[in-house]
Amino acid sequence: MAYFHLPVMLEEAMQALDPQPGGLFADGTLGGGGHSEEILKRIGPEGRLYGIDRDRDAIEAASQRLASYPGFTLLHGNFHDIKSLLGEDIKLDGGLLDLGVSSHQLDSEERGFSYHDDAPLDMRMDRSQGMTAAAWLNSVDAQTFTRALYDYADEKWAARIANVLLERRAIKPLRTTHDLGDIVDRAIPKK
């Protein structure tokens, strides 16, 4: 699948960033490179843009898309670690974070973010690090899972979903997106 990024609010982002020729910028969520390409066009060959992403698919796609720009530097990592990736002394003219899961990640069955296909339950932004969603769900206690659902998803049925999860995994470990979808479906009462 091609990984292409067409930013929805490109002009608004460029207006806020105001990239000028020769500028030094960072795109901390490179993705498919849509924002980065526009920044690179505006800063010209004398400028420099550091593109950072955790997702190796995004890195591969952006490296191809942005290969013709001499001022582009690609970095694998998390924007949270920008100081160690770029160095403590670097002074940027601006930076961009386009936070969230990309449509490419949702549409890629093997990523395990979507319930549309019965795929391995992965959900990692960087598939080379950390545990999969399946591994975490098969090991987490009810209290931690309830808290995660409530804190990060504001899910009012969090405790019930956690209890159904523990009941289900006592019979059989979760492996796929449909396994998780079935748990949520069973836990939330029908209207």
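The values are calculated or read from the model by the stated rules, or taken from the named source; none is laboratory data. Everything numeric here is computed off the predicted structure, so don't read it as measured data. A quick note on method: Cβ atoms are made from the backbone with ideal geometry, for glycine too, and the neighbour counts reach across all protein chains shown. For accessibility, only protein heavy atoms count, side chains too; no ligands or nucleic acids. Shrake-Rupley method; radii C 1.70, N 1.55, O 1.52, S 1.80 Å.
The sole residue among Pro173, Pro189 that is part of a loop (DSSP other than H, G, I, E, B) and either at pLDDT below 95 or in contact with a Lys or Arg (Cβ under 8 Å, 6 or more places away or on another chain) (or both) is Pro189.
Checking each residue in the range 42-85 for being in contact with a Lys or Arg (Cβ under 6 Å, 6 or more places away or on another chain) and within 15 Å of Phe25 (Cα to Cα) picks out only Gly71.
Screening Arg127 against (1) over 25 Å from the mean Cα position of the chain (by Cα); (2) in contact (Cβ under 8 Å) with a residue 24 or more places away in the chain leaves a single unmet condition, (1). Within the range 142-172, the residues that satisfy the criterion of being in contact (Cβ under 8 Å) with a residue 24 or more places away in the chain and either touching a His at 6+ places or on another chain (Cβ under 6 Å) or open to solvent by less than 80 Å² (accessible area, probe 1.4 Å) (or both) are Ala142, Ile161, Leu165, Leu166, Arg169. For the range 29-45, the set of residues classified as touching a Pro at 6+ places or on another chain (Cβ under 6 Å) and more than 12 Å from Leu17 (Cβ to Cβ) consists of Gly34, Gly44, Pro45, listed by residue number.
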